[in-house]
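The values are calculated or read from the model by the stated rules, or taken from the named source; none is laboratory data. Given the structure is predicted, the values throughout are model-derived calculations rather than measurements. Quick reminder, even Gly has a Cβ in these numbers, built from the backbone with ideal geometry, and neighbours come from all protein chains shown. To get the accessible areas, we keep the full protein, side chains included, count just its heavy atoms, and leave off ligands, DNA and RNA. Shrake-Rupley method; radii C 1.70, N 1.55, O 1.52, S 1.80 Å.
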Amino acid sequence: MMNLAVFASGTGSNFDAVMNAIENGNLDARVSLLVSDRIDAGVIEKAQKRHVDTVVFNPKSFVNKEAFERALLADCKDRGVEWIILAGYMRLIGPTLLTAYEDRIVNIHPSLLPAFPGKDAIGQAFEKKVKITGVTVHFVDDGMDTGPIIDQEAVRIEAQDRKEDVERKIQAVEHVLYPRVIQSLKAKEESK
Ligand code: GAR
């Protein structure tokens, strides 16, 4: 069974999708920790409802990224966390966590990378009037959405779609793709 920490800054629909996949037996894992860098993030209540340990921190109350990542690393190690799953965590990961969890930090991003990295990827795709966008799951490196791609799925933007329609379609894809990719990571690692 994989021991996961989920890092999230937002509403937590991907966190819920991972938890549902575990409950339904589609993902052989447990989530030992939910980390959020925003005290007002919706994901915190979702984690508490599910009795998942939560660590909420304010980056501004630390001298720098290294200091808060060292604290987060201790939180992860205390719980035997093996993989860090970024689910809408809107912050670059620094060397402290990248070194400790080499090739064991994954991210989901709402575009077909390398197109539209960074913030508001759905808005960027919508503005550019592309007809196909999608979802990418990738290993995290020190860049902004630049690490090796693990899997992707396309989403078509229809002429009549509003931005909210695209968001809904992207999220529906994310909620199936992310648990499936996480489940595949263990097998991938074992076959290395
Ligand atoms: C998701 O769409 C995820 O792909 C995106 O944040 C959203 C979080 O939603 N992540 C990024 O943009 C990372 N660059 P959620 O809080 O409902 O899971």
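One line per residue, one yes/no per condition, for (1) surrounded by fewer than 16 Cβ atoms within 10 Å (Cβ to Cβ); (2) more than 14 Å from the chain's Cα centre (by Cα):
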site: G88; (1), (2): no, no
site: T96; (1), (2): no, yes
site: T99; (1), (2): yes, yes
site: E102; (1), (2): yes, yes
site: I108; (1), (2): no, no
site: A159; (1), (2): yes, yes
site: V166; (1), (2): no, yes
site: K188; (1), (2): yes, yes
site: K192; (1), (2): yes, yes
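Among the candidates V35, V31, V55, which residue alone is free of Cβ contacts under 8 Å to residues at least 24 places away in the same chain, surrounded by 13 or more Cβ atoms within 10 Å (Cβ to Cβ) and assigned to a strand (DSSP E or B)?
Numbers: V35 fails: free of Cβ contacts under 8 Å to residues at least 24 places away in the same chain; V31 fails: free of Cβ contacts under 8 Å to residues at least 24 places away in the same chain.
None of the other options fit; the residue is V55.
Could you check segment 1-18 and list, in sequence order, the residues that are outside any loop (DSSP other than H, G, I, E, B) and more than 13 Å from the ligand (Cβ to nearest atom)? Show your work before the answer.
Start the filter on segment 1-18 by keeping residues that are outside any loop (DSSP other than H, G, I, E, B), which leaves 2-7, 13-18.
The answer is M2, N3, L4, A5.
Could you grab the pairs with beta carbons closer than 8 Å, sequence gap of 6+ or different chains, first residue in segment 150-177 and more than 21 Å from T11 (Cα to Cα), second one of a type in the set (S, T, N, Q) and at pLDDT 95 or above?
Cβ pairs passing all conditions: I150/S184; D151/T136; D151/S184; Q152/T136; A154/T133; V155/T133; I157/T133.
Do we find a residue being near the ligand (Cβ under 9 Å from one of its atoms) and either of a type in the set (D, E) or touching a residue at least 12 places away in the same chain (Cβ under 8 Å) (or both) anywhere in segment 122-132?
First, the residues of segment 122-132 that are near the ligand (Cβ under 9 Å from one of its atoms): 122.
From the residues that got through so far, the ones that are either of a type in the set (D, E) or touching a residue at least 12 places away in the same chain (Cβ under 8 Å) (or both) too are 122.
Yes, some residue in segment 122-132 is near the ligand (Cβ under 9 Å from one of its atoms) and either of a type in the set (D, E) or touching a residue at least 12 places away in the same chain (Cβ under 8 Å) (or both).
If you check A67, A21, which single one turns out to be under 28 Å from I170 (Cβ atoms), open to solvent by less than 30 Å² (accessible area, probe 1.4 Å) and either modelled with pLDDT of 95 or more or within 16 Å of the ligand (Cβ to nearest atom) (or both)? Outline the logic, then answer.
Details: A67 fails: under 28 Å from I170 (Cβ atoms).
The unique qualifying residue is A21.
Of A74, A125, which residue is more than 17 Å from the chain's Cα centre (by Cα), open to solvent by 40 Å² or more (accessible area, probe 1.4 Å) and small (G, A, S)? Explain how you work it out, then say what you get.
Details: A125 fails: open to solvent by 40 Å² or more (accessible area, probe 1.4 Å).
Within the list A74, A125, the selection yields A74.
(1) farther than 24 Å from E66 by Cβ; (2) hydrophobic (A, V, I, L, M, F, W, C); (3) open to solvent by less than 40 Å² (accessible area, probe 1.4 Å): which one isn't true of L112, the others all being true?
Single failed check for L112: (3).
Restricting to segment 49-64, count the residues that are farther than 22 Å from Q171 by Cα and within 16 Å of the ligand (Cβ to nearest atom).
Kept after step one, since they are farther than 22 Å from Q171 by Cα, are these residues of segment 49-64: 51-64.
From what is left, the residues that are within 16 Å of the ligand (Cβ to nearest atom) are 52, 54, 56.
Residues meeting the conditions: 3.
Among the listed residues D120, D151, which satisfies the condition of being surrounded by fewer than 17 Cβ atoms within 10 Å (Cβ to Cβ), over 21 Å from L33 (Cβ atoms) and out of contact with any strand residue (DSSP E or B) (no Cβ under 6 Å at 6 or more places or on another chain)? Before the answer, list the steps.
On the way: D151 fails: out of contact with any strand residue (DSSP E or B) (no Cβ under 6 Å at 6 or more places or on another chain).
Residue meeting the stated conditions: D120.
Among E174, E158, which is the only one that is away from the ligand (no atom under 14 Å from the Cβ) and not in a strand (DSSP E or B)? Spell out how you get there, then give the answer.
On the way: E174 fails: away from the ligand (no atom under 14 Å from the Cβ).
Among E174, E158, only E158 is away from the ligand (no atom under 14 Å from the Cβ) and not in a strand (DSSP E or B).
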